[in-house]
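Here it is, the structure in full.
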Amino acid sequence: MRAIWKGAVSFGLVSIGVKVYSATEEKDIRFHQVHREDGGRIRYKRTCSVCGEEVTYDDIAKGYDIGGGEMVILTDEDFADLPLSTSHAIDVLEFVPAEQVDPILYNKAYFLEPEGSATKPYVLLRDALSDSERVAIVKVALRQREQLATLRVREGVLLLNTMLWPDEIRRPDFGFLDEDLKVRPPELAMASSLIDSMAGEFEPDAFTDDYRAALQEVIDAKVEGREVVQPEEEEAAPAAAVDLMAALKASVERARAARGEAPSGGGAEPTPISSARSAKKAAKKAPARKKAEPAKKTAAKKTPAKKTAEKKAEPAKKTAAKKTPAKKTAAKKSA
């Protein structure tokens, strides 16, 4: 990585020399505009709309349109007199809980590396931030612009997150916000069931840019001169649901199938409302079962009587067995 900025973090009376590196990079596949027939690069000339002459970078200034066709021209000397345009300080203003910073304010991220003998105070600030469970609110001048930013710890390194100013955040102004729309409790309960069925732990590595991978495959095929294989089409997005409850139920079943879970009985996912109804039905049937229990006990008491009858029958069998020798004696006499 190449440092894009050098400066110092001002932490009270402590100054920590740092180098700043971009913490992120875009992976978009970039193209040049070329002539279709011969592949020649397309060049654009910087020309003046008034005189029509080609203009070099040295003759280009910045202009601010004040309306009515009038323009205020600013030169490098005008910018040189502005405060903080060349300042190389990251001033810590305060320390706040991280959850108080709305994520919409975050803009770009940069790694900070200690420079020279600043390693020890750098580690001191890093460990103190980790122990406090807070982020530092700072001001920094990057790319000739003063920016609000935060300092926090990520993987043992101080991370600088530049932020947008509050007046750069647009307010949502949509018509439906003024409409009196009511969500029925069963719909809300089913939507909650869908959220529960799709709940999980966020693992960024589990997600990929399928479009970029497919585009790279097309480019590689062109380079190798082989046939370009059409990538598989993704499943078409479902049409707008007419029956919201039916769509929610189908979504729950789809989420269960994606997790490899067996579909619920009857083809619908139990919800808090359906579970409550089932419990009420079970409560109504419970008294009938209790009334049937005494009959079972009476039947159980009659069982010993059967056993007694079986025992009385046993001596008769033994008596019959004793008479058998008499028949054998009679048979011998006749012989």
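Output the qualifying pairs, or none if there are none: Cβ atoms under 6 angstrom, residues six or more apart or on different chains, first residue in the stretch 177-193 and closer than 19 Å to Ala246 by Cβ, second residue assigned to a loop (DSSP other than H, G, I, E, B).
Ala189/Thr271; Met190/Thr271; Ser193/Glu269; Ser193/Thr271
Also: Assuming Arg254 fulfils every condition listed in (1) modelled with pLDDT under 90; (2) open to solvent by less than 90 Å² (accessible area, probe 1.4 Å); (3) not in a loop (DSSP other than H, G, I, E, B) apart from one, which condition is it?
(2)
Taking only the stretch 62-78 into account, find how many residues are exposed (fewer than 10 other Cβ atoms within 10 Å of the Cβ) and under 45 Å from the mean Cα position of the chain (by Cα).
3
Here's something else I'd like to know. State all residues of the stretch 1-13 that are touching a residue at least 12 places away in the same chain (Cβ under 8 Å) and surrounded by fewer than 10 Cβ atoms within 10 Å (Cβ to Cβ); if no residue qualifies, say none.
The initial filter retains those residues of the stretch 1-13 that are touching a residue at least 12 places away in the same chain (Cβ under 8 Å), namely 1-12.
Within the stretch 1-13, Arg2, Gly12 qualify.
Mind listing just one residue for me: the one in the stretch 126-138 that is open to solvent by 70 Å² or more (accessible area, probe 1.4 Å) and in contact (Cβ under 8 Å) with a residue 24 or more places away in the chain and, of those, nearest to Ser15 (Cα to Cα)?
This residue is Arg134.
Looking at the structure I just gave you, is Ala61 under 21 Å from Trp5 (Cβ atoms) and of a type in the set (A, V, I, L, M)?
Here the answer is no, as Ala61 does not meet what is asked.
Pick out the one residue from Ile16, Ile42, Ile29 that is under 32 Å from the mean Cα position of the chain (by Cα) and open to solvent by less than 80 Å² (accessible area, probe 1.4 Å).
Answer to the selection: Ile29.
Taking the condition within 30 Å of Arg154 (Cβ to Cβ), surrounded by 14 or more Cβ atoms within 10 Å (Cβ to Cβ) and in contact (Cβ under 8 Å) with a residue 12 or more places away in the chain, does Leu105 pass?
Judged against the criteria, Leu105 is a match.
Could you tell me whether Asp81 is within 15 Å of Ser10 (Cα to Cα), over 32 Å from the mean Cα position of the chain (by Cα), acidic (Asp, Glu) and open to solvent by 30 Å² or more (accessible area, probe 1.4 Å)?
no
Please go through the stretch 169-184 and give me each residue that is over 26 Å from the mean Cα position of the chain (by Cα) and surrounded by 10 or more Cβ atoms within 10 Å (Cβ to Cβ), ordered by number.
Of everything in the stretch 169-184, just one residue is over 26 Å from the mean Cα position of the chain (by Cα) and surrounded by 10 or more Cβ atoms within 10 Å (Cβ to Cβ), namely Arg184.
Does Thr119 satisfy being at pLDDT 90 or above, of a type in the set (Ser, Thr, Tyr) and surrounded by 16 or more Cβ atoms within 10 Å (Cβ to Cβ)?
No, not satisfied.
Still on this structure: Could you list, in sequence order, all residues of the stretch 144-164 that are open to solvent by less than 70 Å² (accessible area, probe 1.4 Å) and assigned to a loop (DSSP other than H, G, I, E, B)?
If the condition is that a residue be open to solvent by less than 70 Å² (accessible area, probe 1.4 Å) and assigned to a loop (DSSP other than H, G, I, E, B), then Gly156, Leu164 are the ones that fit.
The values are calculated or read from the model by the stated rules, or taken from the named source; none is laboratory data. Keep in mind that what you see is a predicted model, and the values were worked out from it rather than measured. We place every Cβ from the backbone using ideal geometry, glycine too, and count neighbours over all the protein chains shown. All accessible areas refer to the heavy atoms of the entire protein, side chains included, with ligands and DNA or RNA removed. Shrake-Rupley method; radii C 1.70, N 1.55, O 1.52, S 1.80 Å.
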